[in-house]
Each structure stands twice: as structure tokens, then as C-alpha cells.
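Down below is the structure, laid out as C-alpha cells.
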Amino acid sequence: MQKTEELKALYDEKLKGKLQEQEAIRKKIFYRTLISAVSFIGSIFAGIFLADRVDHPAVNIIAFIGIPSIALILFFTTFPAYKRYVNFYKTSIVSEIVRFIHPDLRYQPNGKIREYIYRDSDLFRTRYDKYEGEDLVQGVIDKTDFECSELHTQYKTTTSNGKGQSKTEWHTIFRGLFFHADFNKEFNGRTYVAPDTAEKLFGKWGQKLQKIGGKADLVKLENSEFEKEFVVHSTDQIEARYILTPTMMEAILNLKKEYNCRLNVSFIGSRVYCAFELNEDLFEPNLFRSGVNFKDIVKMYHYFNLSISIIEELNLNNRIWTKN
């Protein structure tokens with residue numbers, strides 16, 4: 001409750017005024033975007049309608065080329081203003097929320113988790129063709145160094161219809177918040193915690209499916225609630241049970257409940273990796289409604305605070321283990 005009150009005070013004293021100053025700019029961008037979209041779509045329908053009723057080249061040129069061209073020019077001249085608005089939002093609003101969470105955190109609006117870290121996590125083995133990300137937060141909380149950012153990885157498929165025409169489609173592998181931190185222990189094996197889709201869908205039959213095609217051997221644990229939500233594989237059964245104590249399982253369950261999304265976790269090397277699947281832009285301004293909205297600030301705080309939540313829930317600062 002105290003943190004919420006402090007966040008509201010930050011909003012009222014520093015953020016609300018900045019957002020109100022930019023509200024006229026947001027509205028202008030919104031209306032120009034709306035006009036260009038309606039003009040472009042409307043001109044297509046008008047052109048189709050007139051083509052059947054007016055047999056005149058000038059009408060067709062105006063309908064199919066002139067109006068759409070004007071609409072596109074309006075849209076693309078508006079885009080730089082939108083980019084400036086987003087830049088204002090990230091540097092003046094989002095950065096303040098990050099500092100509010102912890103003054104020593106570093107925020108890079110255009111930064112992202114490096115690709116080799118994503119690969120080292122071994123959470124998603126599908127080969128990606130596109131790797132994108134933003135809103136990187138780095139820091140050291142007490143004794144634990146960490147990084148967190150939005151990531152979106154995709155692979156593409158190209159199909160042919162047999163007539164010399166091809167179609168390329170993009171498929172999401174992961175989209176959401178990706179986190180990794182020091183665990184202060186060198187793991188001998190690799191332990192993976194993944195959503196237990198099979199058991200949820202097929203019950204006891206799903207337990208048999210869990211054993212097929214896993215990254216490592218299936219690990220059975222004593223926490224029934226955890227077993228319903230997650231499936232665990234590890235290359236070292238003893239170490240997996242050593243890591244996934246009752247407290248650790250409860251912590252992972254709490255994170256899953258708090259952020260209400262699919263959660264993947266791995267323990268590899270001396271790091272813990274967490275991937276929260278969230279199919280939305282978390283830290284972008286909403287162009288289609290007022291930016292002067294405390295609920296947006298609360299939402300951003302909730303997701304940026306994820307790193308602190310993980311470190312606290314997993315007790316990473318307690319240093320109950322020592323690196324070899």
C-alpha cells in the first residue's frame with residue numbers, strides 16, 4: 001500500500017504535468033493517423049464503386065491513385081512526430097518509473113538482452129530468423145546482478161502454390177519479458193521448468209507425454225500444485241531437487257500467479273533464466289486514448305518491478321550456496 005501511495009505521489013508531482021503537456025501532440029498524431037487510414041480505405045471502396053458507374057480515366061486516377069497517395073503521404077509525415085512522442089514517453093516517463101523502483105538501475109529504451117544469453121538459456125530451441133527487443137533494464141540489487149528486457153523472436157516459413165508464387169509467414173517463438181540473474185552457484189547439470197500443458201489437457205495420460213521428447217529426464221517432485229502447473233526436466237536429478245526446494249517451487253508458483261502468464265525457467269551455468277510470455281507492448285504509449293492515466297503508470301511499474309520480484313521471491317540475495 002505504501003509503495004502504491006508513493007507511486008501516486010510521483011505521478012501527481014512529476015509525471016502528470018509532463019503527460020498533460022504532450023496530450024495535444026498525442027491527439028494531433030491520433031487524428032492525422034485516423035484521417036489517413038479512413039481516407040485510404042474509403043478511397044479503395046469509392047474507387048471500386050465508381051469504376052462500375054463512371055467510365056472516365058480521370059475519376060479512376062483520382063480514386064485509385066490520387067486520394068490513396070495523399071493518405072499515405074499524410075501517414076508517413078505523421079510517423080516522425082509519433083516517434084518523437086514515443087521517445088518523450090520513454091525518456092521522461094518510463095525512465096522515471098525505473099528510477100522509482102531502484103535508483104541504481106540502468107534503463108536503455110532501445111537496448112535488449114543479447115542474443116547469446118537468449119541462446120544460453122536453452123529455453124527455446126527453435127531456430128529464429130528475427131530477434132527483436134527493447135526496454136533493457138540492468139543493475140545489481142544488493143548482491144545479485146541481472147538484466148531484463150522485452151524480446152520477440154520469430155521464425156519464417158515460405159510456401160509455394162505451384163504457380164511460381166510464394167508466400168512468407170512469420171511465426172512467434174517467444175514474445176514477452178526475458179530475465180536472467182546470477183544464482184551464485186555453478187550448476188553441474190541443466191534444469192528446466194516449463195508450463196505443464198500436457199497434464200492440464202490430458203490428466204494422467206499427460207504425465208506419459210511429459211516423458212517424450214524432453215530436453216532432459218523428467219523430474220517428479222512432491223508439490224502437487226507445482227506439478228499441475230509445471231513440468232521439470234533435468235540432466236541431474238539430484239541437483240534439480242536440490243535447486244527446487246519447497247520454498248523455490250512456491251516462489252515460482254507465486255511469480256506465475258502474479259504475472260498471470262506462461263512462465264519458463266532454466267538453471268544453467270551459474271544463472272537463472274526466466275521467460276514471461278506476454279503478447280503486448282508493455283512500455284509503449286497508447287496513441288488511441290489519453291496518456292494522462294495513472295493506471296498506465298501502475299501497469300508499467302508492475303512489469304518493471306518483475307526483476308525485483310524474481311530476486312526477492314527466489315531469495316537470490318540470501319547466498320545460501322557458494323560458487324565452486
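Read-outs: derived from the displayed coordinates by stated rules, not from any lab. Because the structure is predicted, anything quoted here is derived from the model rather than measured. Positions of Cβ are generated from backbone atoms using ideal geometry, with glycine treated the same way; all protein chains shown enter the neighbour counts.
Ranked by the mean number of other Cβ atoms within 10 Å of their residues, highest first, the peptides 186-194, 218-226, 105-113, 163-171 fall in the order 186-194, 105-113, 218-226, 163-171. Available extension along the chain between residue 110 and residue 91 is 5.8 nm, counting 0.36 nm per residue and deducting the alpha carbon span. Between segment 225-287 and segment 123-196, the C-alpha centres lie 14 angstrom from each other. Per residue, the average separation of C-alpha pairs within less than 8 Å and at least 6 apart gives segment 222-324 a relative contact order of 23 percent. The distance between label points at residue 261 and residue 188 comes to 3.5 nm (points 7 Å beyond Cα on the Cα→Cβ vector).
Distance from a point 7 Å along Cα→Cβ of residue 172 to each backbone N in segment 280-295: keep the residues under 16 Å and list them by number. 280-284, by backbone N distance to the label point.
FRET efficiency for the pair residue 28 and residue 220, taken as 1/(1 + (r/R0)^6) with r the Cβ-Cβ distance and R0 = 51 Å, rounds to 0.30. When peptides 240-246, 287-293 are sorted by average Cβ neighbour count within 10 Å, with the highest value leading, the order is 240-246, 287-293.
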